[in-house]
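Visitor: The structure that follows is given in the form of structure tokens.
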Amino acid sequence: MHYQPSRVPLRDGRSCVIRQATSEDAAALYALDRAIVRARQGIVKHEDELPPDAATFAAGRESAGLHKTDGTAFPLLVEAEDGGVLGEASVLRIGYRMLRHVGVLGIGVHPAAQGLGVGRLLMQHLLQWVRSHRDADGQRVLRVELYVRADNPRAIALYRSLGFEHEGTRRAFLRADDGALVDDLLMGLLLT
Ligand SMILES: CC(C)(COP(=O)(O)OP(=O)(O)OC[C@H]1O[C@@H](n2cnc3c(N)ncnc32)[C@H](O)[C@@H]1OP(=O)(O)O)[C@@H](O)C(=O)NCCC(=O)NCCS
């Protein structure tokens, strides 16, 4: 199960490549995750709660199944012309057979590359990939879900524009840096 890479323009005139992320990208994805967490927008972690090094981060991705090529995982990244990773997004299907038609989506764009269309590109390509996938027995992903902080209007607008609907609220789910309690939203998209 492989994704065909493509070259696409960004809003600032540069071009980038969107391609499948592999286990070899773990160090770059770890650096990306650190940069996003440091920027303190839209995240639920502190920097000292990240894995201590790239190898531990890589092991975590492997054990989560993010690089399985049997239709379980759909990991994408956007790479700049200089090879730097600008953003990543993935859908990971739930393992239980009764839930295997459900994929959980995660996305992050480097703070220096936000607002250039990277997030929308990732979402569009990822959903297209997921929609077109068929397992050997013809099964496919029928539902994609994600969680998003209620104080993240940029991300919520992006998801809504792609058809995701607000399905539920985890009230007072997280404590923001200023101490305020913030809700978390469950959003879902049916691919039926
Ligand atoms: C949320 C995030 C993924 C969006 O990616 P991005 O590359 O910055 O967004 P894009 O440039 O592709 O813009 C996508 C959409 O976001 C929305 N958006 C962008 N900037 C916005 C702003 N300043 N205010 C409100 N909405 C905005 C718009 O709906 C935009 O739609 P458009 O394509 O019609 O202009 C990215 O900013 C990010 O990773 N943020 C930090 C981590 C995070 O929030 N992750 C999501 C956790 S659920």
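The values are calculated or read from the model by the stated rules, or taken from the named source; none is laboratory data. Fair warning: this is a prediction, and the values are worked out from it, not measured in the lab. Here Cβ is always computed from backbone atoms with ideal geometry, including for glycine, and neighbour counts include all displayed protein chains.
Visitor: When residues of the range 39-58 are filtered for being closer than 11 Å to Ala27 by Cα and surrounded by 14 or more Cβ atoms within 10 Å (Cβ to Cβ), how many remain? So that I can check it myself, show each step before the final result.
Guide: First, pick out the residues of the range 39-58 that are closer than 11 Å to Ala27 by Cα: 53-58.
Now restrict to residues that are surrounded by 14 or more Cβ atoms within 10 Å (Cβ to Cβ): 54, 57-58.
So the count comes out to 3.
Visitor: Are there any pairs, at least 6 apart or on different chains, whose C-beta atoms fall under 9 Å, with the first in the range 139-158 and polar (S, T, N, Q) and the second more than 13 Å from the ligand (Cβ to nearest atom) and outside any helix (DSSP H, G or I), and if so, which?
Guide: Once the first residue is polar (S, T, N, Q) and sits in the range 139-158, its partners that are more than 13 Å from the ligand (Cβ to nearest atom) and outside any helix (DSSP H, G or I) give Gln139/Gly71; Gln139/Arg100; Gln139/His101.
Visitor: In addition: Give Leu146, Leu189 a once-over and let me know the one that is away from the ligand (no atom under 13 Å from the Cβ) and in a strand (DSSP E or B).
Guide: Details: Leu146 fails: away from the ligand (no atom under 13 Å from the Cβ).
The match here is Leu189.
Visitor: Give the range 2-33 a look and list any residue that's in a strand (DSSP E or B), touching a Pro at 6+ places or on another chain (Cβ under 7 Å) and surrounded by 12 or more Cβ atoms within 10 Å (Cβ to Cβ), or say none. Outline the logic, then answer.
Guide: Here is the first cut: in the range 2-33, the ones in a strand (DSSP E or B) are 6-9, 15-20.
Then drop every residue that is not touching a Pro at 6+ places or on another chain (Cβ under 7 Å), which leaves 15, 17-20.
Val17, Ile18, Arg19, Gln20, listed by residue number.
Visitor: Looking at the structure I just gave you, is Ala136 aliphatic (A, V, I, L, M) and within 13 Å of the ligand (Cβ to nearest atom)?
Guide: Working: aliphatic (A, V, I, L, M): yes; within 13 Å of the ligand (Cβ to nearest atom): no.
Taking the combined requirement at face value, the residue does not satisfy it.
Visitor: Check Leu126, Leu86, Leu92 and return the single one that is part of a strand (DSSP E or B), more than 23 Å from Ala39 (Cα to Cα) and modelled with pLDDT of 95 or more.
Guide: Values: Leu126 fails: part of a strand (DSSP E or B); Leu86 fails: more than 23 Å from Ala39 (Cα to Cα).
Only one candidate passes the filter, namely Leu92.
Visitor: Which condition breaks for Arg160 when tested against (1) surrounded by fewer than 17 Cβ atoms within 10 Å (Cβ to Cβ); (2) under 25 Å from Gly71 (Cβ atoms); (3) within 16 Å of the ligand (Cβ to nearest atom)?
Guide: Failing condition for Arg160: (2).
Visitor: Also, quick follow-up: Of the residues Gly84, Gly119, Gly179, Gly106, which is within 13 Å of the ligand (Cβ to nearest atom), closer than 23 Å to Lys45 by Cβ, surrounded by fewer than 16 Cβ atoms within 10 Å (Cβ to Cβ) and among the small types (Gly, Ala, Ser)? Can you show your working first?
Guide: Details: Gly84 fails: within 13 Å of the ligand (Cβ to nearest atom); Gly119 fails: surrounded by fewer than 16 Cβ atoms within 10 Å (Cβ to Cβ); Gly179 fails: within 13 Å of the ligand (Cβ to nearest atom).
One residue alone meets the criteria, Gly106.
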